[in-house]
Amino acid sequence: MRSSTLKWIVLSATFLAAIVVTVQLYWLKKVYSFEQRQFNLNVVKSIRGLFEDLEMNDAPGTNLQQLINKPDNNDNYFLFKADTIPSKDSLVYYIQDEFADFGVLTDCKLGAYNAAKKQYVYEEFIPAPASRYAGVKPVAGGMPVFDDGSDHILLYFPHRHEYILEQMDFWIVSTVVLFLALIGLAASLFYFYRQKFLAEIQKDFVNNFTHEFKTPLAVMKIAADVLEQDSIARQPDRLQRYANIIKNQTEHLQGQVERLLRTASIESKDLPIRKEDIDAHQLIEQALGKVQPLIDQKKARVDVKVEESNSRVQADKAHLELAVVNLLENALKYSAEPHIVVETGQLEDEFFISVKDNGVGIEKQYLKNIFKKFYRVPTGDIHNVKGFGLGLDFVKRIIDAHKGKIKVNSLPGIGTEFRLFIPLN
């Protein structure tokens with residue numbers, strides 16, 4: 001399974017997990033609303049039983065809904081009219097009994113309001129033994145006044161919401177467990193995807209390594225077999241040609257091994273550099289000299305545009321030259337008929353070196369990964385361009401060590417420009 005397929009599986013699983021979470025939250029909200037309605041219903045039933053116990057209404061036929069209301073639409077308050085206000089002891093006793101019968105097991109504060117006196121004749125806090133808030137007094141102060149011109153009893157439930165949440169313990173715990181399970185699953189999928197991605201990079205690296213070394217070794221073996229022939233001593237020109245083949249292939253392999261060792265030895269994020277005042281024009285000439293055999297082989301055209309009056313920069317000469325060499329090698333490798341433009345200049349407080357080619361270009365979706373170690377832009381099973389995916393990683397390390405930045409502009413089928421920026425300060 002390729003990492004791209006696994007990526008879509010991860011995204012699909014994430015989408016399904018989001019749906020599950022949304023449904024769970026929806027039902028959690030529905031359960032909370034149901035518990036609120038159930039609490040209100042139980043309080044109303046308790047009040048109805050209180051009317052029957054104490055005969056506080058002189059007109060028994062009056063609809064109970066007309067006698068009970070929620071002042072200011074506050075869910076914590078219940079106000080019911082009473083033609084006759086009972087004694088405090090009787091009211092407290094019977095309301096505790098009704099609450100116990102209908103399962104209203106939370107703290108309550110009540111107040112009996114006398115409309116003629118425009119004040120509460122008494123107030124009482126009733127703790128619920130089954131509540132975790134038992135014995136905890138509400139905020140100090142008297143009951144609020146809701147004067148509707150009639151005597152009434154006001155019930156205040158200070159811990160109503162906490163009590164309802166207590167009734168939802170199972171739902172809350174199950175939701176938390178579900179969330180933790182989904183988070184664990186997401187972490188596992190991400191880890192699995194990352195390991196799969198790294199495994200593919202490693203596999204691609206081994207494939208590239210094999211292709212990079214297989215051909216030179218095969219050529220060297222053929223040349224060695226020719227040199228073992230007895231007749232080769234009588235053919236000095238042929239002897240020299242095959243000796244040069246072995247030498248060139250050996251130098252090529254040595255260069256690749258040095259590149260691998262150099263990358264392996266620099267695992268820290270910050271590359272140690274020694275800055276000095278250098279001439280960018282001279283640096284580019286030296287970099288071009290190192291890739292001259294490849295330029296001749298590819299019959300490439302190279303244009304250099306350097307501002308002679310502004311070509312000085314503070315940088316590590318050896319490392320910056322190596323970065324330019326890597327960019328030039330890529331420009332030559334990925335172009336059928338290379339035309340390379342190397343340019344320098346200054347933008348505000350930064351010096352830049354630009355390497356532009358007319359190669360195959362890079363798709364936008366791959367640009368964010370091209371500076372990762374061992375990463376190569378996917379080309380199917382075609383290995384006509386060799387390499388390990390280490391060059392651009394090393395270029396980025398060098399520029400990062402200079403506190404600079406890299407900008408890439410690329411159009412598939414048109415070409416690519418790498419612009420290295422180095423601060424002048």
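Past 28 Å, Cα to Cα: identify those pairs from K290/K356; K247/K407; K247/K405; K275/K405; K247/K372; K196/K247, in the order given.
On the way: K290/K356 18 Å; K247/K407 38 Å; K247/K405 38 Å; K275/K405 17 Å; K247/K372 32 Å; K196/K247 40 Å.
Correct reply: K247/K407; K247/K405; K247/K372; K196/K247.
In segment 276-423, what is the volume of the convex hull around the alpha carbon atoms, normalised per residue and reported in Å³? It would help to have the intermediate numbers written out before the result.
Details: hull volume 15.8 nm³, N = 148.
Dividing the Cα hull volume of segment 276-423 by its residue count gives 107 Å³.
Each label point is 7 Å from the Cα along the Cα-to-Cβ direction; what then is the distance between the points at S188 and E124, in nm?
Label-label distance for S188 and E124, simple model: 5.8 nm.
What are the residues whose amide H is under 5 Å from the amide H of V304, where those residues sit 5 or more places off or on another chain and H is modelled from the backbone?
Hits under the 5 Å cutoff: V342.
Can you return the aspartates and glutamates within cross-link range of K81? Criterion is Cα-Cα under 18 Å, with same-chain partners fewer than 8 residues away left out.
E52, D53, E55, D58, D72, E98, E123, E124, D147, D148, D151
Here, each number is a calculation from the coordinates, and none is a lab measurement. The shown structure was predicted, so the numbers you read here are calculated from the model rather than taken from an experiment. Cβ coordinates were reconstructed from backbone atoms using ideal geometry, including for glycine residues, and neighbour counts include every protein chain displayed.
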